[in-house]
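The values are calculated or read from the model by the stated rules, or taken from the named source; none is laboratory data. Predicted model, so just to flag it, every value in this text is computed and none were measured. Positions of Cβ are generated from backbone atoms using ideal geometry, with glycine treated the same way; all protein chains shown enter the neighbour counts. Surface accessibility is based on the protein's heavy atoms, side chains included, excluding ligands, DNA and RNA. Shrake-Rupley method; radii C 1.70, N 1.55, O 1.52, S 1.80 Å.
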Amino acid sequence: MKHRMKMIFLAGAVIMAAAVLLAGCSNKAKIGYVDISRVAAESPQVQSLNQNFEKEYKPLADQMETLAKQQDSMSKEDYTKEVQQLQRKAYGIQQKYNAQRQDLVNKVLAQISKEKGLSAVMTKASFAVDPEVPVENSVSVDGVVVDGGTDITDEVIQKLQ
């Protein structure tokens, strides 16, 4: 019982300290936000990366389709081995382009954030930038933007021309 009271007291103290710190910083914080789905749709650089991804990924997709047709004429082990090999290659290509997209956007966000003196940049809506993920399956987090935030979406798109 005594241990539980200490834990409750400690948790309360941590919450109060966090509230004081946040209240003290809130007047100075300048928050920006970006609509990532618009950036993905309107940025020529991101679209170019997506086209390059599709060119590199398509032969693997074609090989997977061909392999699926040949499945009955192959042993289960050979088929599984071939599928896993193609999946590893496909995953590697996806990771490469996801990293390139992320790096490209992060560099521009950092530059704009510095230019505008923003304390933080949030997403207005978070959608997958990966063309392989359909919008209906992507994560959507609307309403993350704080009132009074600065929309930097147009600047991001402009810098990604």
If Ile93 meets every condition in (1) within 14 Å of Thr153 (Cα to Cα); (2) open to solvent by less than 80 Å² (accessible area, probe 1.4 Å) apart from one, which number is that one? (1)
List every residue pair whose Cβ atoms sit under 8 Å apart, with the two residues 6 or more apart in sequence or on different chains, where the first one lies in region 96-117 and is part of a helix (DSSP H, G or I) and the second, anywhere, is open to solvent by 70 Å² or more (accessible area, probe 1.4 Å). Val108/Lys159; Gln111/Lys159; Ile112/Lys159; Lys116/Lys30
For Val129, are the conditions met, namely being modelled with pLDDT under 80, within 19 Å of Val34 (Cα to Cα) and part of a loop (DSSP other than H, G, I, E, B)? yes
Quick one: what pairs do we get from region 71-83, first residue within 19 Å of Pro59 (Cα to Cα), second assigned to a helix (DSSP H, G or I) and open to solvent by less than 60 Å² (accessible area, probe 1.4 Å), C-beta under 6 Å, 6+ apart or different chains? Gln71/Tyr79; Glu82/Leu67
Might you let me know whether region 30-53 holds any residue that is modelled with pLDDT under 95, touching a Gly at 6+ places or on another chain (Cβ under 9 Å) and open to solvent by 80 Å² or more (accessible area, probe 1.4 Å)? yes
Would you mind stating whether Leu60 is surrounded by 12 or more Cβ atoms within 10 Å (Cβ to Cβ), under 30 Å from Ile152 (Cα atoms) and in contact (Cβ under 8 Å) with a residue 24 or more places away in the chain? no
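Residues checked against (1) open to solvent by 80 Å² or more (accessible area, probe 1.4 Å); (2) among the polar types (S, T, N, Q); (3) in contact with a helix residue (DSSP H, G or I) (Cβ under 6 Å, 6 or more places away or on another chain); (4) modelled with pLDDT of 90 or more:
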position	(1), (2), (3), (4)
Lys69	yes, no, no, yes
Ser75	no, yes, no, yes
Thr80	no, yes, no, yes
Leu86	no, no, yes, yes
Lys107	yes, no, no, yes
Gln111	yes, yes, no, yes
Glu115	yes, no, no, yes
Met122	no, no, no, no
Pro134	no, no, no, no
